[in-house]
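J.: Got a structure for you, questions after.
The values are calculated or read from the model by the stated rules, or taken from the named source; none is laboratory data. Predicted model only: the values in this text are computed from it and were never measured. Here the Cβ positions follow ideal geometry from the backbone for every residue, glycine too, while neighbour counts run over all protein chains shown. The protein model used for the area step is the full one, side chains on, heavy atoms only, and it has no ligands, DNA or RNA in it. Shrake-Rupley method; radii C 1.70, N 1.55, O 1.52, S 1.80 Å.
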Amino acid sequence: MNNFEFFNPTRIVFGEGQVKAINNLVPESARVLILYGGESARKHGTLDQVMTALGQRHVESFGGIEANPGYSTLMRAVELIREQRLDYLLAVGGGSVIDGTKFIAAAVDCEGDPWEEILVRGAENIRTALPFGTVLTLPATGSEMNTNSVITRYETHEKLAFSSPLVFPEFSILDPTKAYTLPARQLANGVVDAYTHIMEQYLTYPVGARVQDRFAEGLMQTLIEIGPSLLANPDNYELQSNFMWTATLALNGLIGAGVPQDWATHMIGHEITALHGLDHAQTLAIVLPSVMQEQRAVKHDKLLQYADSVWHIEEADEERRIDLAINKTRDFFEQMGVKTRLSDYQIDAEAIPLMVQQLGEHGLTQLGEHGDIDLDKSRKILEASL
Ligand code: NZQ
Ligand code: ZN
């Protein structure tokens, strides 16, 4: 196992009815800004519950954060915070609202252009960030318990990520009943996103990290076990609670501690979203099977372990076993209703050069656990995804 440091200060408050705990978690004197997306948080009553829990505190709200949160929208919230001297943020939503809140928290005191400072030049430029909590309504990204944020600049078709320990949520409320209202597409997206997060911290090469491996395999098996039933029964508490906790554990740093990681699928996927507007998880369902295929030589040992431990494939020939494991992964995504080919989304070979060019412009030229996925390999991965 490699050396590592593990630190995660986010307090999780899990279970039905826990929104009321906000009253004990947000400072009494806070001047709060509630951030939310489109209509779901209001329509399903979560905003009202949050307002009630905040009681007599000074509260303002800011809605309209889009799926794949947009830089211009977020900068309007930054202005509101500066004008009204607000000092505590509360994100109510899925990954987009939480990621957007992280960016806002860091941008408020940023000197200069926050896009340049935070997303282009790098998060080490962040000196301070406003404190914030979250109420999760969509299990998927793990943003509720990590330091990552992905922001889109629609004007230039760019989607860039940053990560800083200053944007750990102080707390996250995980009430599984909040996910009952998710449409099938978002539930399926959540399962695929969480599954891919686990894969990208697992499917590299063995370093003898037995706990991380067993943990990752258990999380994947849980998603395989509950995914299809969840689509059919979104208001089943047992299924939703397992899903919500799995998605959080998939990207809170635990399974990634001390192991090599390969975020190529996510990085290539972000360019597809930036240029073609696909949902985040749709891009992962397209790219992951091709990464497995194109990198099967360097991932050989872990692919065999995955075939055995996650899918229990009994097949003597090793290469055949790997083929079956890749097919099972693709079939699982398709079974969840997420299509796995670029052509399923009307994207053809002509679109590939621009995606590869953007990867180059964003410096994403050495992806993968060995840094060996250069632009030529990314092009091959995209061609294999047609
Ligand atoms: O806008 P509203 O009306 O709220 O509707 C949302 C949105 O349209 C809806 N929704 C959320 N909760 C709901 C609900 N509808 C009904 N009932 C509920 N309870 O779902 C739609 C999608 O929401 P969004 O937040 O965009 O989805 P998700 O959580 O999948 O987040 C995706 C974003 O997170 C980034 C992605 O790149 C993408 O921008 N990621 C963030 C990561 C992180 N911070 O660690 C890691 C991920 O890999 C990912 O890159
Ligand atoms: Zn993701």
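J.: If the viscosity is 1.306 mPa s and the temperature 10 °C, what translational diffusion coefficient in µm²/s does Stokes-Einstein give for the stretch 297-386 when Rh comes from Kirkwood over Cα pairs?
T.: 106
J.: Ignoring ligands, DNA and RNA, please state the percent of accessible area on the stretch 11-179 from carbon and sulfur, probe 1.4 Å.
T.: Ligands and nucleic acids excluded, carbon and sulfur give 47 percent.
J.: For the stretch 292-346, take the alpha-carbon Rg, divide it by the Kirkwood Rh, and send me Rg/Rh.
T.: 1.03
J.: Holding the Cα-Cα limit at 23 Å, pick out from LYS328/LYS380; LYS102/LYS302; LYS20/LYS178; LYS102/LYS339 the pairs that are longer than that.
T.: Check vs 23 Å cut-off fails for LYS102/LYS302; LYS102/LYS339.
J.: Near ALA30, within a Cβ-to-Cβ distance under 9 Å, what is the net charge of the other residues, with Lys and Arg +1 and Asp and Glu -1?
T.: Here the charged neighbours net out to 0.
J.: Place the peptides 98-109, 161-172, 182-193 in order of packing, highest mean first, counting for every residue the other Cβ atoms within 10 Å and averaging per peptide.
T.: The most tightly packed comes first, giving 98-109, 182-193, 161-172.
J.: On average, how much area does the Cα convex hull of the stretch 156-209 cover when viewed from any direction, in nm²?
T.: Average of the hull's projected areas for the stretch 156-209 equals 7.2 nm².
J.: If you consider only alpha-carbon coordinates, what radius of gyration and Dmax does the stretch 1-81 have, in Å?
T.: 15.9, 50
J.: Rounded to a whole number, what is D in µm²/s for the chain from Stokes-Einstein with the Kirkwood radius over alpha-carbon pairs (37 °C, 0.692 mPa s)?
T.: The estimated diffusion coefficient comes to 155 µm²/s.
J.: Which net charge results when you count Lys and Arg as +1 and Asp and Glu as -1 among the other residues whose beta-carbon is under 10 Å from that of HIS270?
T.: Summing Lys/Arg as +1 and Asp/Glu as -1 gives -1.
J.: Report, to two decimal places, the Cα Rg of the stretch 11-179 normalised by 2.2 N^0.38 Å (N = number of residues).
T.: 0.95
J.: Now, a different point. State the Kirkwood hydrodynamic radius of the stretch 119-246 in Å, one decimal place, computed from all pairs of distinct Cα atoms.
T.: Computed over Cα pairs of the stretch 119-246, the Kirkwood hydrodynamic radius comes out at 16.4 Å.
J.: Ordering TRP115, TRP263 by how much accessible area each has at a 1.4 Å probe, largest first, what is the list?
T.: TRP263, TRP115
J.: Suppose the chain between GLU315 and GLN346 were pulled fully straight at 0.36 nm per residue; how much longer would it get relative to their current alpha carbon spacing?
T.: Residue separation times 0.36 nm, minus the Cα-Cα distance, leaves 7.6 nm.
J.: For the chain, what does the accessible surface come to per residue with a 1.4 Å probe? Please give it in Å².
T.: Here the per-residue accessible area is 41 Å².
J.: Multiply the residue gap between THR365 and ASN8 by 0.36 nm, knock off their C-alpha separation, and tell me the result in nm, one decimal place.
T.: That pair, THR365 and ASN8, stretches by 125.5 nm at full extension.
J.: Could you work out the Rg to Rh ratio of the stretch 184-384, with Rh taken as the Kirkwood radius (inverse of the mean 1/r over all Cα pairs)?
T.: Radius of gyration over Kirkwood radius for the stretch 184-384 works out to 0.95.
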